[in-house]
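The values are calculated or read from the model by the stated rules, or taken from the named source; none is laboratory data. Everything quoted here is computed from the prediction, not taken from an experiment. Note: ideal-geometry Cβ built from the backbone for every residue, glycine included; neighbour counts use all protein chains shown.
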Amino acid sequence: MGTCSNISPVDKCLAFIAHGVDALQDGNFTMAEGAFRVALAGAKALPPEQGRDLMPLALLNMSRLRERQNRGDDARQLREQATAQLEQSPLSLPNAFFHSSMANVLMEFGEYRRAIPFWEEAIQLDDVKEPIDLAHMLARVGECYNRSGLKDHATIPLRAAIKIFRKYPEDPRLSAALITLGNALRKSTPAEAEACYREVADWHVARGQLLSATPAWGNIGILCSEQGRYAEALEYLEKVRKTRERSPGVPPPLQLRLR
């Protein structure tokens, strides 16, 4: 109990938001609702310079809950309220967990460009992070740049993330970062992009994860097609089709290109 009393109101609010996010991921809507409501009340009770930062984070997560509950109008209103608060003034809470939490929820809404400064601030503020956590944040900001169309900007954090991930070769996030780097490079440096995709495919094949290799094979097929290597493209796309057909419950691959 003595330890809990030493937690700051800001950290308590963030802890309830994190608890709500976990509950939402587990499908426990009742627990998520309670956690987000406590976080909203806590944010309102904070001094304005702190509460104004935490309110949009709590509102956006409550909006995600409403979407999962198929309450689209409520979700939209909460998101609009949060967006209006985000646009009123820049958020300045010096807390790495806050910024990474905001970046994550913005990415859930497809707000990749808006999420970029939050990831970058989280990276700058977190001076006790483990290398693998740094790699994760670098990969996420690289994904945001890539999905925003800023391909050249994406390659810098992605390369840095991959360099760290290579020290943890069993971490599946290496595969995801390589795919994203390949997508960022496909137009400018197709040979390097193809090498990224092939490394991912080989990684999964070596572990018997053939279905997980299909996104990389699909991207190789698309890249080959873009280069006029049609026989190779057909070979890889057929490999994707056959692998997915052998996997129960997997729909046919209508769209193979990853963003």
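Inspect the range 111-127 for any residue being closer than 27 Å to residue 15 by Cα, within 17 Å of the chain's Cα centre (by Cα), buried (at least 23 other Cβ atoms within 10 Å of the Cβ) and not aliphatic (A, V, I, L, M) and give the result as yes or no.
Yes, because at least one residue in the range 111-127 is closer than 27 Å to residue 15 by Cα, within 17 Å of the chain's Cα centre (by Cα), buried (at least 23 other Cβ atoms within 10 Å of the Cβ) and not aliphatic (A, V, I, L, M).
Within the range 160-200, which residues are surrounded by fewer than 15 Cβ atoms within 10 Å (Cβ to Cβ) and either touching a residue at least 40 places away in the same chain (Cβ under 8 Å) or among the aromatic types (Phe, Trp, Tyr) (or both)?
168
Out of (1) of a type in the set (A, V, I, L, M, F, W, C); (2) farther than 26 Å from residue 107 by Cα; (3) touching a Ser or Thr at 6+ places or on another chain (Cβ under 9 Å); (4) surrounded by fewer than 18 Cβ atoms within 10 Å (Cβ to Cβ), what's the single condition that is false for residue 203?
Of (1) of a type in the set (A, V, I, L, M, F, W, C); (2) farther than 26 Å from residue 107 by Cα; (3) touching a Ser or Thr at 6+ places or on another chain (Cβ under 9 Å); (4) surrounded by fewer than 18 Cβ atoms within 10 Å (Cβ to Cβ), only one is false for residue 203: (4).
Tell me which residues, restricted to the range 78-97, are touching a Pro at 6+ places or on another chain (Cβ under 9 Å) and in a helix (DSSP H, G or I).
Within the range 78-97, 81, 82, 83, 84, 85, 86 qualify.
Quickly run through the range 171-199 and pick out the residues that are within 14 Å of residue 136 (Cα to Cα) and either of a type in the set (D, E, K, R) or outside any helix (DSSP H, G or I) (or both).
171, 172, 173
Between 103, 84, which is of a type in the set (A, V, I, L, M) and either touching a helix residue (DSSP H, G or I) at 6+ places or on another chain (Cβ under 8 Å) or closer than 22 Å to residue 8 by Cα (or both)?
That would be 103, the only listed residue that is of a type in the set (A, V, I, L, M) and either touching a helix residue (DSSP H, G or I) at 6+ places or on another chain (Cβ under 8 Å) or closer than 22 Å to residue 8 by Cα (or both).
Among the residues of the range 21-28, is any aliphatic (A, V, I, L, M) and under 26 Å from residue 145 (Cα atoms)?
Scanning the range 21-28, I find at least one residue that is aliphatic (A, V, I, L, M) and under 26 Å from residue 145 (Cα atoms), so the answer is yes.
Can we say residue 150 is without any contact (Cβ under 8 Å) to a residue 60 or more places away in the chain, surrounded by 17 or more Cβ atoms within 10 Å (Cβ to Cβ) and among the aliphatic types (A, V, I, L, M)?
Criteria not met by residue 150.
Looking only at the range 1-17, how many residues end up being out of contact with any helix residue (DSSP H, G or I) (no Cβ under 7 Å at 6 or more places or on another chain) and at pLDDT 95 or above?
Adding up the residues that qualify gives 1.
State all residues of the range 12-56 that are touching a residue at least 40 places away in the same chain (Cβ under 8 Å), closer than 24 Å to residue 92 by Cβ and surrounded by fewer than 21 Cβ atoms within 10 Å (Cβ to Cβ); if no residue qualifies, say none.
Result: 18, 21, 49, 50.
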